[in-house]
Structures are given as C-alpha cells and as structure tokens.
Amino acid sequence: MVRGAAWAVPVLAMGAPAAHAGISRCTVTGSIQMGPNVFTDVDAVCQANSQSPDLGVPRIRSGYGRAWLPVYVEICNCTVDSAWYRFREVDTLSNFQIEVAGRHNDQNGSGAGYRPGFKLSPVGESGGCQRFPLTYRTSQSRPFSTSISGVPGNATGVSMTVTLQRNASTSGNVPSQNDPGWTTISSFTVSGSVWRTVRVGAGNSSDPVDFRSCGVQSGAAASVVQSESRVAGLD
C-alpha cells in the first residue's frame, strides 16, 4: 500500500507447518502462513477514499478487475507460552490497497502499517493460530484483459511483504503501538498480478471508471461472465 495507494500455487510458509489448531511442532518463534495465490476480485475506490481505514469503504465499482494473490494470511504462536503478536503488510504497487478483515492500514501512516496486536495461545492449544482474510482494491486504472482465470501478459506485477512482530509482555492488555518490546521475528514476500476486466464496450477497451468520482459508475461492460455474476446491476 504505497502512499496514495495500498496483499506458486503451493502454500507458502515461513518456517512452520500448515497452521491448524492441534499442531504440536514449530521450528520458529512465530510463523507466517500465506494462502496460495488464487484468482480474486479487485474493487475500484475513488482516490479520495484510497487511504480510508474504515470498514465498508464505498466502491465505485465492485469486481472492477482481478488479482492473482493470496486471500488470507495466518499467524501461529510457535512458543510454549501465550504471547502478543502484530503484523504489517507492505506492497510495491502505488494506488493499490490491501484490506485485512475488511480494513486498509496505510503503510506510511502513524503506525507504520502495523495492525492491532492480538494474543495467541501456543500452537497445539485452542487459539494458537489466527487467520485473517485479505481483499484488494485499486484507486488507479489498470491494464485491461478479458481473462478472469488466467494471468494476462499485460497484467501489472505486485509484491507483498508481511512482517511479523512479537511482544514478550505478559499483560492482559495489548501493548501499545510504540511499546519498545515489539520485536520482528519473521517476514515473508509473495508476488502476484493485477488487471482490469471492465471496459467501455465490446469494441472499446478504455477504462470506464473515473477514479476522481466517488459515485457508482454505470454504462460500462464487464468482460465475459463477470457482468452477470460479479457486477450485476452496474452495466
């Protein structure tokens, strides 16, 4: 989520087995487990809303495009004690935002993009892992393709790095964002692609979305079945 902006097929893990409650072995202090890259929708938001951290940020267009990226990140506590964790996700694409559990967090903002802390029990106990869903939005036009289940050659590349921190505090309250006890224990990077699947019409591949406007866009054709299944009512 670069300022003014914004998260192969095998599961990618950071020194840990698949993250499920009941696992009894880990090889690092804390683990990041990224889901596999899948084809998922990218929504369009206006530039004025691009850095909003709110839930339910208004969409100019739902199903504006597609991404080849993970749709979840999972964190596991690979120690023998309960501990506080937090993470941040940083991407390389301007005007592109990652939402974690529906919220964007500006990586150039006052918390350096770190999400609120959360406490995990040791792996093998209930609450030893926590999964966070990922969704994506763009506040800038992307290259057009009719493909919805294959990465086109003109897609825009993007990399996302997730960094995990742990805090040794035994307090029942989450440590503050500026607590000196936060220590980086692992990070992981995945690469993917983003592109647009809406166009003005069958004979015109121009982008019909005005990213300066915060109103719902109309009068545009989506590619293939997307106009019926993902953005019905907007064409």
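The values are calculated or read from the model by the stated rules, or taken from the named source; none is laboratory data. Just so it is clear, the model here is predicted, and its values are computed rather than measured. When we count neighbours, we look across all protein chains shown, and the Cβ atoms used for this are built from the backbone with ideal geometry, even at glycine. Heavy atoms of the whole protein, side chains included, go into the accessibility calculation; ligands, DNA and RNA do not. Shrake-Rupley method; radii C 1.70, N 1.55, O 1.52, S 1.80 Å.
Structure above, values below:
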quantity: Estimated dipole of the stretch 32-121 in Debye, rounded to 20 [Cβ of Lys and Arg +1, of Asp and Glu -1, Cα centre]; calculated: 80
quantity: Residues S187 and D210, FRET efficiency given R0 of 30 Å [Cβ-Cβ distance, rounded to 0.05]; calculated: 0.20
quantity: Projected-area mean, the stretch 26-123, by convex hull of Cα positions, square nanometres; calculated: 7.2
quantity: Solvent exposure of the stretch 44-104 as accessible area per residue, Å², 1.4 Å probe; calculated: 31
quantity: Estimated translational D of the stretch 71-159 in µm²/s (Stokes, Kirkwood radius over Cα pairs; 25 °C; 0.890 mPa s); calculated: 160
quantity: Dipole of the stretch 134-219, positive direction: furthest Cα of S145, G215, N167, with charges on the beta-carbon; calculated: S145
